[in-house]
1. According to the Kirkwood expression over distinct Cα-Cα pairs, how big is the hydrodynamic radius of region 40-145, in Å?
2. Let me know the longest stretch in the chain that avoids all chymotrypsin sites (Phe, Trp or Tyr not before Pro) found in a DSSP loop with at most 14 other C-beta atoms within 10 Å.
3. What do you reckon, how do Ile98, Ile57 stack up by accessible area (1.4 Å probe), largest on top?
4. Could I have the simple spin-label model distance between Phe20 and Leu56, label points 7 Å from Cα toward Cβ, reported in nm to one decimal?
5. Determine the per residue accessible area of the chain with all protein chains present and a 1.4 angstrom probe, expressed in square angstrom.
6. For Glu59, Glu49, Glu25, give the ranking by accessible area with the largest first, probe 1.4 Å.
7. Under a crude label model (7 Å from the Cα following the beta-carbon direction), how far is Ala117 from Glu96 in nanometres?
Amino acid sequence: MQTPTAQHLAALDALAARAFPDRDERSGFRDSGPGYHVAALATSEDFWEDDGTRRLIVEDQYEAERDGLATLLEVRWGAPRILSLWPVLERSMDGEDIPEPWSSLSCHVPHLRLWRAGERWIALGVSQWDKELPFQLVAVVTTVGPP
């Protein structure tokens, strides 16, 4: 039986091997478009009935899963660049046209671990759209450079 980290690594490798579609499409927990794929490798429960305690524990768990997977990817591509997406969100809100997948990611992922792998960018992040909604461990594969 594979560990969750091994499963996440296998899913990321499969995502990186996929061809990019000609137009935007969504399939389950994967969004794809010209030059990018964004996929949820894991999704937590929601926090509608939580007093905030469980949410903090789950956030720590998802960040630890991201960091564990990042450690494996460091063997392949070296230390990641940490990319804050807050400035990207601010630029988007100021009217700048930000390309996908960065525009959408900036709405729910505060920062990414980012590597350059040949002509592609590979990134990992922890997503949460709102404090009551689930966390997701997100993988990104794109040929679109970060803004």
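The values are calculated or read from the model by the stated rules, or taken from the named source; none is laboratory data. Predicted model, so just to flag it, every value in this text is computed and none were measured. For neighbour counting, all protein chains shown are included, and Cβ atoms are generated from backbone atoms with ideal geometry for every residue, glycine included. Note: areas computed on protein heavy atoms with side chains; ligands, DNA, RNA excluded. Shrake-Rupley method; radii C 1.70, N 1.55, O 1.52, S 1.80 Å.
1. Working: mean 1/r = 0.0688 Å⁻¹.
For region 40-145, the Kirkwood estimate is 14.5 Å.
2. Details: sites that count: Phe29, Trp48, Trp129.
Longest site-free region, per DSSP loop and neighbour criteria: 49-128.
3. Details: Ile98 15, Ile57 105 Å².
Result, largest first: Ile57, Ile98.
4. 4.1 nm
5. Details: 8030 Å² over 147 residues.
Dividing the accessible area of the chain by its residue count gives 55 Å².
6. Details: Glu59 45, Glu49 175, Glu25 80 Å².
The residues order as Glu49, Glu25, Glu59, largest area first.
7. So the two model labels end up 2.7 nm from each other.
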